[in-house]
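Below you'll find the structure, written out as structure tokens, and then a few comments.
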Amino acid sequence: MKIICTLNLKGGCAKTTTAVSMAELLATGFKSKCGAVEPGKVLLFDNDKQGNASRLFNQYLGDTEAPAAAVLKRATFRGNTIRHTKIENLDIVPCNYFMELAELEIKADTETPQHDRYRRAFEDYDYCIIDNAPDLGMNVINALVAADEIVIPVNLDCYSLDGLEELVDQVNNVRQLNRKAHIAGVLITDYEKSDTSEAAETWLREKSGLPVFNTIIRHSKKVKDSTFYHKTPIAYCVRSGAAQAYKNFILEYMNKPHTVAEQKERG
């Protein structure tokens, strides 16, 4: 199983949209002029107490402890923690604000390790996509300790770019606990062409020192509209620019080197 985190310390950068789009496309598979992706069994783990991914698939629980919080506390998927979605091959572990209480509980637990509860709990899927909160709480630390790869969605604004250095530092710190984890790449989202955005993109690609995906997710009204109908951009309008861009992103992602050794080998 490959575990992929979407992560950014800034909110509003299409982190959840990227996570749910990846999960749906990897679960359903697709064919396009540029290539094809075979369907696989996917687990979407909502690790953000706002529960936006859970709401999207009509799995949000408002007044009881969500399964994601239970997994963090018990390091197991026992009980009814995994929910099926209407999309074939795609399951979800929902989250809600009880995650904050779960974090406080495990911080008080000095008898068992706090950082590797997800790694001990994850079951056998082809892919697990973890949609993380825009912070570095104990639940996000657990996600990074379990992760193989990290995808960083970024808007080309000053706040997002300024936060990248801190995010990379934190990922490197976590790598002391999980040597396999690495940044698969930065994904530019909600892109609108301007002199400023072009300059920011040039800096990101040439000066940041981070791998950056060639695919760009351009600004699309369809993405915002899709949230009102509890649908991913693909399910809402498969012909939209955003849906097609996410297909291109998945194709690029699937063809990138995904281990540090492979990255070094390809230069």
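May I ask you to list the residues in segment 7-56 that are among the polar types (S, T, N, Q), in contact with a Ser or Thr (Cβ under 7 Å, 6 or more places away or on another chain) and closer than 13 Å to residue 250 by Cβ?
Passing the criteria: 18, 21.
Any residue in segment 199-214 that's closer than 22 Å to residue 182 by Cβ: show its pairings with residues that are of a type in the set (Gly, Ala, Ser) and open to solvent by less than 30 Å² (accessible area, probe 1.4 Å) at Cβ separation under 8 Å, as long as the two are six or more apart or on different chains.
Filtered contacts from segment 199-214: 210/185; 211/184; 211/185; 212/185; 213/185.
Residues checked against (1) surrounded by fewer than 18 Cβ atoms within 10 Å (Cβ to Cβ); (2) farther than 22 Å from residue 236 by Cβ; (3) without any contact (Cβ under 8 Å) to a residue 60 or more places away in the chain; (4) hydrophobic (A, V, I, L, M, F, W, C):
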| residue | (1), (2), (3), (4) |
| --- | --- |
| 4 | no, yes, no, yes |
| 9 | no, yes, no, yes |
| 12 | yes, no, no, no |
| 32 | yes, no, no, no |
| 35 | yes, yes, no, no |
| 41 | yes, yes, no, no |
| 56 | no, no, no, yes |
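Considering segment 105-132 alone, what residues qualify as being within 23 Å of residue 80 (Cβ to Cβ) and aliphatic (A, V, I, L, M)?
106, 121, 129, 130
What are the residues in segment 177-190 that are among the hydrophobic types (A, V, I, L, M, F, W, C) and either assigned to a strand (DSSP E or B) or over 19 Å from residue 7 (Cα atoms) (or both), if any?
183, 184, 186, 187, 188
So, of the residues in segment 176-190 that are among the charged types (D, E, K, R) and out of contact with any Lys or Arg (no Cβ under 9 Å at 6 or more places or on another chain), which turns out to be surrounded by the most Cβ atoms within 10 Å (Cβ to Cβ)?
Ranking the candidates gives 180 first.
From the list 136, 90, 144, which one is closer than 29 Å to residue 160 by Cα, at pLDDT 95 or above and within 18 Å of the chain's Cα centre (by Cα)?
Selected residue: 144, the only one of 136, 90, 144 that is closer than 29 Å to residue 160 by Cα, at pLDDT 95 or above and within 18 Å of the chain's Cα centre (by Cα).
Does at least one position in segment 96-111 carry a residue that is among the hydroxyl-bearing types (Ser, Thr, Tyr) and closer than 22 Å to residue 153 by Cα?
So far as segment 96-111 goes, no, none of its residues is among the hydroxyl-bearing types (Ser, Thr, Tyr) and closer than 22 Å to residue 153 by Cα.
For residue 139, which of the numbered conditions (1) free of Cβ contacts under 8 Å to residues at least 60 places away in the same chain; (2) of a type in the set (S, T, N, Q); (3) buried (at least 17 other Cβ atoms within 10 Å of the Cβ) fails to hold?
With respect to (1) free of Cβ contacts under 8 Å to residues at least 60 places away in the same chain; (2) of a type in the set (S, T, N, Q); (3) buried (at least 17 other Cβ atoms within 10 Å of the Cβ), residue 139 is out only on (1).
Are there helices (runs of 4 or more DSSP H) fully within segment 191-236 with at least 3 residues that are open to solvent by 30 Å² or more (accessible area, probe 1.4 Å) and out of contact with any strand residue (DSSP E or B) (no Cβ under 6 Å at 6 or more places or on another chain)? List them.
Qualifying helices (runs of 4 or more DSSP H): 195-206, 221-228.
I'd like to verify a number: residues in segment 58-99 that are hydroxyl-bearing (Ser, Thr, Tyr) and open to solvent by 60 Å² or more (accessible area, probe 1.4 Å), how many?
3
If you go through segment 96-122, how many residues are assigned to a loop (DSSP other than H, G, I, E, B), in contact with a Leu (Cβ under 9 Å, 6 or more places away or on another chain) and within 22 Å of residue 58 (Cα to Cα)?
1
Which residues, counting only those in segment 108-136, are among the aliphatic types (A, V, I, L, M) and either open to solvent by less than 40 Å² (accessible area, probe 1.4 Å) or closer than 30 Å to residue 37 by Cβ (or both)?
121, 129, 130, 133 - these are the residues of segment 108-136 that are among the aliphatic types (A, V, I, L, M) and either open to solvent by less than 40 Å² (accessible area, probe 1.4 Å) or closer than 30 Å to residue 37 by Cβ (or both).
I'm checking my understanding of the structure. Among residues of segment 145-184 that are without any contact (Cβ under 8 Å) to a residue 60 or more places away in the chain and among the acidic types (Asp, Glu), which one is nearest to residue 72 (Cα to Cα)?
Checking each candidate, the answer is 169.
The values are calculated or read from the model by the stated rules, or taken from the named source; none is laboratory data. Since the structure is predicted, the reported quantities are computational estimates derived from the model, not experimental observations. Please note: Cβ atoms are built from the backbone with ideal geometry, for glycine as well, and neighbour counts cover all protein chains shown. In case anyone asks, the SASA skips ligands and DNA or RNA and just uses the protein heavy atoms, side chains included. Shrake-Rupley method; radii C 1.70, N 1.55, O 1.52, S 1.80 Å.
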